[in-house]
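Following: one structure in structure tokens, then a few remarks.
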Amino acid sequence: MTKATDQYTFDVVVIGSGPGGFAAANRATDFGKKVCIIEKSHIGGAGVINGVLTSKTMYELSMDYSVAARVDRGYRASALSVDYNLVRNTILEAAREKQYQMRSQIETFANVSHKGTISLITGYAKFKDAHTIEVDDQGKMLTIQGEHFIIATGAHPRRLPGIKTDGKRIITSDNILSLSKFPGRLLIIGSGIIGCEFATIFSNFNQTQVHLLDRSNRVLPYEDDDVSEFVSDNLEKNGVIVHHTAQLRCIREHPGHLEVVLDYDAGNSRVIEVDVALIAIGREPNTQNIGLEVLGVTPDKRG
């Protein structure tokens, strides 16, 4: 891997090493380009460590457990148990394996014998002008110049106004692997793809009473009716309690539990008690503080 110095010049600079950025960098090498990937955190981005790979691995493990726990097929597995820490370790092992695969590929293309090359620099990138970015690598400032730039900075969980996350009891999908055990009672705020996915996962493991807050009258409101109905039926069969046409009024924190107040469109309210609240109301692009204004780029209200 090329050693970082105070200044570099590349044909293509890719900001972000997630699925989009990593694929773009590899494609650029097909054209013989000298490529640099800038990554501020984990190689692979949220797609590997806090997103698709980890959630799908967790889903597959939950399905294995769900199948083993079934008692309607003429057999019963005795003394079946599951440990969240062991599940988490398995998921992290899968993520690390993918990261090392990506690093190996980068190291391969760092070899100057290749027509195209890739260098990886860790740090936070910010545009200074259309052909220059500065990278803050733990206080060391690097200047990166490039002919072309690809912004592949990914997204982060959208915050819920008025609700402060602590990463322990009030969490986002980024904190799922920070849990130390299966929560006894879990409220998932948001019935979109992410919310329904984790409702399915935790109900598959059958260690958690799952509440799913659905602001509309059906889960996955932006999908076709047949898809929404299929997922809804599956969640209900798994024992998920779906709160349709409900709004979150507040979460009151107590030493041993969270008290949640829900307001329904019909005019009634309900108070429920949970251990963990997962905010899953979508994601927002990571386009802030990267210097888009110096390029004359103005993101819309969704970023």
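Here's a check for you: in segment 101-159, which residue that is assigned to a strand (DSSP E or B) and among the polar types (S, T, N, Q) is nearest to Asn286 (Cα to Cα)? Spell out how you get there, then give the answer.
Going residue by residue through segment 101-159, those that are assigned to a strand (DSSP E or B) are 117-122, 124-129, 132-137, 140-151, 155-157.
With among the polar types (S, T, N, Q) added as a condition, the list becomes 117, 119, 122, 132, 143, 145.
On the way: Thr117: 26, Ser119: 22, Thr122: 17, Thr132: 19, Thr143: 21, Gln145: 21 Å.
Going through the qualifying residues, I end up with Thr122.
Could you tell me how many of the residues in segment 229-238 are of a type in the set (A, V, I, L, M, F, W, C) and buried (at least 16 other Cβ atoms within 10 Å of the Cβ)?
Looking only at segment 229-238, we keep the residues that are of a type in the set (A, V, I, L, M, F, W, C), and these are 230-231, 235.
Narrowing the set further to residues that are buried (at least 16 other Cβ atoms within 10 Å of the Cβ) leaves 231, 235.
So the count comes out to 2.
Can you report the number of residues in segment 239-277 which are surrounded by 18 or more Cβ atoms within 10 Å (Cβ to Cβ) and either in contact with a helix residue (DSSP H, G or I) (Cβ under 8 Å, 6 or more places away or on another chain) or farther than 14 Å from Ile189 by Cα (or both)?
The total comes to 2.
To keep it simple, each residue is scored yes or no on (1) farther than 30 Å from Ser81 by Cβ; (2) small (Gly, Ala, Ser); (3) touching a Phe, Trp or Tyr at 6+ places or on another chain (Cβ under 7 Å).
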{"position": "Ala199", "(1), (2), (3)": "no, yes, no"}
{"position": "Ser203", "(1), (2), (3)": "no, yes, no"}
{"position": "His211", "(1), (2), (3)": "no, no, no"}
{"position": "Val240", "(1), (2), (3)": "no, no, no"}
{"position": "Pro255", "(1), (2), (3)": "no, no, no"}
{"position": "Tyr264", "(1), (2), (3)": "yes, no, no"}
{"position": "Val294", "(1), (2), (3)": "yes, no, yes"}
{"position": "Thr298", "(1), (2), (3)": "yes, no, no"}
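I'd like the full set of residues that are exposed (fewer than 15 other Cβ atoms within 10 Å of the Cβ), over 28 Å from Val87 (Cβ atoms) and among the aliphatic types (A, V, I, L, M), limited to segment 134-180.
Met141
Where the second residue is loosely packed, with under 14 Cβ neighbours inside 10 Å and not in a strand (DSSP E or B) and the first is in the same structural domain as Tyr8 (by TED's automatic domain parsing) and lies in segment 136-149, which pairs have Cβ atoms under 7 Å and are six or more apart or on separate chains?
Leu142/Asp6; Thr143/Asp6
At pLDDT 95 or above and more than 30 Å from Tyr59 (Cα to Cα): which single residue out of Thr122, Thr108, Thr132, Thr90 fits that description? Walk me through how you get there before you give the answer.
Working: Thr122 fails: at pLDDT 95 or above; Thr108 fails: at pLDDT 95 or above; Thr90 fails: more than 30 Å from Tyr59 (Cα to Cα).
Answer to the check: Thr132.
Restricting the search to segment 40-63, which residues are modelled with pLDDT of 95 or more and out of contact with any helix residue (DSSP H, G or I) (no Cβ under 7 Å at 6 or more places or on another chain)?
Lys56, Glu60
Which of (1) surrounded by fewer than 21 Cβ atoms within 10 Å (Cβ to Cβ); (2) touching a residue at least 60 places away in the same chain (Cβ under 8 Å); (3) part of a helix (DSSP H, G or I) is the odd one out, the single condition Asp11 does not satisfy?
All conditions pass for Asp11, except number (3).
So which pairs qualify, if the first residue must be in segment 42-57 and part of a loop (DSSP other than H, G, I, E, B), the second must be among the aliphatic types (A, V, I, L, M), the Cβ gap must be under 6 Å, and the two must be at least 6 apart or on different chains?
Close Cβ pairs (under 6 Å, with a partner that is among the aliphatic types (A, V, I, L, M)) amount to His42/Ile49; Ile43/Met102; Gly44/Met102.
For Leu179, are the conditions met, namely being modelled with pLDDT of 95 or more and touching a helix residue (DSSP H, G or I) at 6+ places or on another chain (Cβ under 9 Å)?
On the way: modelled with pLDDT of 95 or more: yes; touching a helix residue (DSSP H, G or I) at 6+ places or on another chain (Cβ under 9 Å): yes.
Yes.
What about Glu223, is it more than 22 Å from Tyr264 (Cα to Cα), within 18 Å of the chain's Cα centre (by Cα) and among the acidic types (Asp, Glu)? Can you show your working first?
On the way: more than 22 Å from Tyr264 (Cα to Cα): yes; within 18 Å of the chain's Cα centre (by Cα): no; among the acidic types (Asp, Glu): yes.
Considered against the rule, which asks whether it is more than 22 Å from Tyr264 (Cα to Cα), within 18 Å of the chain's Cα centre (by Cα) and among the acidic types (Asp, Glu), Glu223 comes out as no.
The values are calculated or read from the model by the stated rules, or taken from the named source; none is laboratory data. As the structure is a computational prediction, the values presented were derived from the model and not from experiment. In this analysis, Cβ positions are derived from the backbone assuming ideal geometry, glycine residues included, and neighbour counts consider all displayed protein chains.
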